[in-house]
Each structure stands twice: as C-alpha cells, then as structure tokens.
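Participant: My questions all concern the structure below.
We did not get these values from a lab; they are worked out from the coordinates using the rules stated. Since the structure is predicted, the reported quantities are computational estimates derived from the model, not experimental observations. So basically every Cβ, Gly included, is an ideal-geometry build from the backbone, and we count neighbours across all protein chains shown.
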Amino acid sequence: LSPEIIFDPYASLYSEATGRGLPFIGGLPPESLVAVMDSVLSGGINEAFQYCETEGRDALKSQLVKVMAQEGLDSEPEHILVTTGSQQALDLLARTFLDPGDIVLTEGPTYVGALAAFRPALPRIITVPLDDLGIRTDVLRELLERPEIDPKFIYVVPNFQNPAGVTMNSRRRRELLDLAVEHDLLILEDNPYGLLRFEGEPLPPLKASDPRRVIYIGTLSKIVSPGIRVGWVFAPDPIIERLSTLKQSADLCSSSLNQMFAEEYLRRGLYEKNLVNLRDIYRSRRDVMLKSLEKHFPAEAHWTNPQGGLFIWVTLPEYLDSAKMLPMAIDRKVAFVPGSAFYPDGSGANRIRLNFSFPPEEKIAWGIETLGKVVRKEMDLYRSLGLDNP
Ligand SMILES: Cc1ncc(COP(=O)(O)O)c(C=O)c1O
C-alpha cells in the first residue's frame, strides 16, 4: 500500500496505536536546520552526546517558559519535566495516577494516543460528548453529580481538538474549571496545537486560571518537528517529582542532542518564524479542504470548521460505517482515520478524521473529490438495499 494522498499516513496501518496527524515540516529552509545542528555540534559535543538530567536541560526549560508565555501562561523551569514527546507525558501521567478500575473522563471523541496511554492501567474510560463549542459541560455536570462517578482526572484538548478540530470556548472553560473545583477534579490539559491558530482570538489555557488543579502538557512536535521528540509537563512540584522518578525507569532522560537542537532552534527565534509560516499554509489548506467538502460531499454530511490545528471531523449519515469504506478509499489512494478509533467503546463509526496539514492543496482537492465519490457510492448501495433507515 502506498497511498499517494494520505490524510493520515498511519491510517493505512489502521491501528489504534497510531493516531498521529503529520505536521508539515517543510516550512523552513533546510539550511536553517543544518545551521542549528552545526552550532550544537560545534559548541558542545561532550554535552550533546552525554546523558543529561532526567527533568531535562535547564537551558531548554528556560526556552519552554517563553513558549508557554506566548500562550499567556506563566511558568518556571523548576516546574517543568521534559519528556520524550508529549506521548511520554501521557504514559507517565497514566502510570502515576491510575489503578485498575479507576474512572477517567475524556472528551468523546478524544485523542487515540491518550486512550492508548491510559488503557494499560485498566481504567474505566467515560466520554463526555463534544459539540462545536467544546466539551458539553452540562453533560459533565450531570455525570459528576452521580455518586458512583469519582474520576481520577479529566483529560481534555481545549484547542483545535484531535480529532474534532473544535475549540472549547471561554464559557465552557470557565464551567469546566468551576466543576473541577466543586468536585475536586484534576484536569489534564493537552495543548499541542494552541499556537497554530490561524483565525479568531486566542483563549488562555485552563492552567493559567487554576495552576494547582491543572496539569499542562506541551510539545514541540507540531511547530518544530515530531522527529526531535521533545515534549513537556508543567505541573506542581510533587507531581513533577513523581513523574521524574517514573521517567528515570522509562528512559533515564530524553535525548541531550535533541534537547540542544530544540534550545538553539528556539533561541534563534525560528519557532516564531515557522509558526507564522505554518499558520498561512494551514489556513489555505483548511480552506481548500472545506471548499472541496462543500462541493463533493453529500448534503447529508456535515463537518467542523477549525480555527487552527490540523484536523477536520466529518459526520456521515448514521447508517454508514467509515471503517468499511477505508479499503475502498485506499484503493483509490486516499486514506483517513475512521471515527471509531477515537472512542473507547468503538462508537463514532459514521465519522472520519481528515488531516489537512500534510498534503499539498492540489492533493487535498483531488483527495476530497475522490473520497466524496466513495461516500456517495456507499450511500447508493445502502439505499438500493433499503438499509439507509437507521
Ligand atoms: C492531542 C495530542 N496529544 C499528544 C500527541 C503526541 O505528540 P508528541 O508525542 O509527538 O508530542 C499528539 C500527536 O498527534 C496529539 O494530537
């Protein structure tokens, strides 16, 4: 299988463990990356090729403080743990907080990699539905009022959510924070895409409003590169200490070379430069995808309109099963992630996640036209068999 257009390259593997959407990494001239690496190697081979502190290099943490400040978040290097991608943060947090049978709340749908990180601890994962304004806090309120629901934490992706692309509005943020106080609930705020906003007003992270109750997870994957595997957790001291002990047994420390690359990349201001680039590229790609969906998808389908990030979430007629359509799409060299991957109970079969960050505009237009044909063909088949009534 080598799909020419790949809305999510991992979709062709169709595995729950592979929920990532590829960022576009061609936004900066390769020479600038070579120059960064050159300067790292010429400045300190001994450090770059040596182990470093489990918590991460101080110089990198000082740069990450500046990244979080761009989101309106005040932090200190000593409350940061550098992780090997934010995926490791999710794994360490699951191992810190969860025992078999514990309740975890997530948005429904939610990031498939978070489900994968939580599952080995054998928790009971309960989803709270999302709409275009973010997590349904009315449903969350009802859930938390039930005495048997005593969650260890709630996991949310407030900005340009993966997979739905929606952003939690300020009212829902406030309501979530209020409910967390009322029910003494810990919040895991995963924010890989927050700065990739290409439209609308930025909203402050949850962590900025309640530093004690919110554990913040960040990553350089979506704006610098997923290949360097640099993520982090910003949390109160006792949590950082506990995570750090666990990280020691996981990998001793994250790569010193990669951390130094990230330090230098950030120090040179390339992060901001690439961010400006990516916002423009992603806005245009999103627009092409939205326009193509409007033109080629059936009237019965609807989709989200993200103001940033990487994904559009499409809802098809209820009777369709997107996983069954995937092989047909791949035959035509188009791939997507079926919606059921993003729910712990396998629901969401009539939904699909599309990634607009990776393919160029012409491939997006062609890919959506092709996918539209696959969807219509499947709908015709169901209609002809009288199976289109749920
Ligand atoms: C919501 C979310 N969290 C975490 C990750 C993990 O990213 P990484 O481990 O590359 O930092 C991803 C990657 O797609 C993601 O979408």
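Participant: Report the calculated FRET efficiency for residue 122 and residue 273 (r = Cβ-Cβ distance, R0 = 35 Å), to the nearest 0.05.
Facilitator: 0.20
Participant: Output the Cα-based Rg and Dmax of region 343-390 in Å, rounding Rg to one decimal and Dmax to a whole number.
Facilitator: 14.2, 38
Participant: Here's something else I'd like to know. Taking N as the number of residues in the chain, what is its Cα Rg relative to 2.2 N^0.38 Å?
Facilitator: 0.99
Participant: What percent do you get for the relative contact order of region 103-249 when only Cα pairs under 8 Å and 6+ apart count?
Facilitator: So the answer I get is 18 percent.
Participant: Right, another one. Once the Cα atoms of helix 85-97 and of the chain are each reduced to a long axis, what angle between those two axes, in degrees from 0 to 90 to the nearest 10, is obtained?
Facilitator: Rounded to the nearest ten degrees, it is 80.
Participant: Could you sort 195-205, 330-340, 82-92 so that the peptide with the highest average Cβ count within 10 Å comes first and the rest follow in order?
Facilitator: 82-92, 330-340, 195-205
Participant: On a 0 to 90° scale, report how tilted helix 256-267 is relative to the longest principal axis of the chain, with both axes built from alpha carbons and the result rounded to the nearest 10.
Facilitator: That works out to roughly 80 degrees.
Participant: Another question, then. To the nearest Å, what is the center-to-center distance of region 96-145 and region 195-265, using C-alpha atoms only?
Facilitator: Between the Cα centre of region 96-145 and that of region 195-265, the gap is 21 Å.
Participant: While we're looking at this one, here's another question. What order do you get for 182-193, 224-235, 144-155 when each peptide is scored by the mean count of other beta carbon atoms within 10 Å, highest first?
Facilitator: Peptide ranking by packing, descending: 224-235, 182-193, 144-155.
Participant: Could you list which residues have their amide H under 5 Å from that of residue 337, counting only those 5 or more apart in sequence or on another chain, with H placed in the peptide plane?
Facilitator: Residues meeting the criterion, in which the H sits 1.01 Å from N, are 353.
Participant: Cα axis of helix 270-296 to longest principal axis of the chain: angle in degrees, 0 to 90, nearest 10?
Facilitator: Tilt of helix 270-296: around 10 degrees.
Participant: Still on this structure, I have one more. Going through the cross-link list 247/273; 295/377; 61/247, which pairs have a Cα-Cα distance over 21 Å in this structure?
Facilitator: Over 21 Å apart, Cα to Cα: 247/273.
Participant: Based on Cα positions only, what radius of gyration and what Dmax would you give for region 89-172, in angstroms?
Facilitator: 12.6, 34
Participant: Give me the percent relative contact order of region 74-144, please, defined on Cα pairs under 8 angstrom at least 6 residues apart.
Facilitator: Contact order relative to length: 29 percent.
Participant: Order these by the 10 Å Cβ neighbour count, fewest first: 356, 261.
Facilitator: Result, fewest neighbours first: 261, 356.
Participant: Suppose a student asked you for the relative contact order of region 262-390, using Cα pairs under 8 Å spaced at least 6 residues apart; what percent would you report?
Facilitator: Value for region 262-390: 30 percent.
Participant: To continue, here is another question. What nm distance separates the two modelled labels at residue 295 and residue 376, each placed 7 Å from Cα along Cα→Cβ?
Facilitator: 1.3
Participant: Sticking with the crude label model, points 7 Å out along Cα→Cβ, report the distance from residue 59 to residue 319 in nm, one decimal please.
Facilitator: The two pseudo-label positions are separated by 6.3 nm.
Participant: While we're on this one: Report, in listed order, any pair from 152/207; 291/373; 66/291 with a Cα-Cα distance greater than 25 Å.
Facilitator: Checking Cα-Cα distances, 66/291 exceed 25 Å.
Participant: To continue, here is another question. Grab the beta carbon distance between residue 287 and residue 70, set R0 = 25 Å, and tell me the FRET efficiency rounded to 0.05.
Facilitator: 0.50
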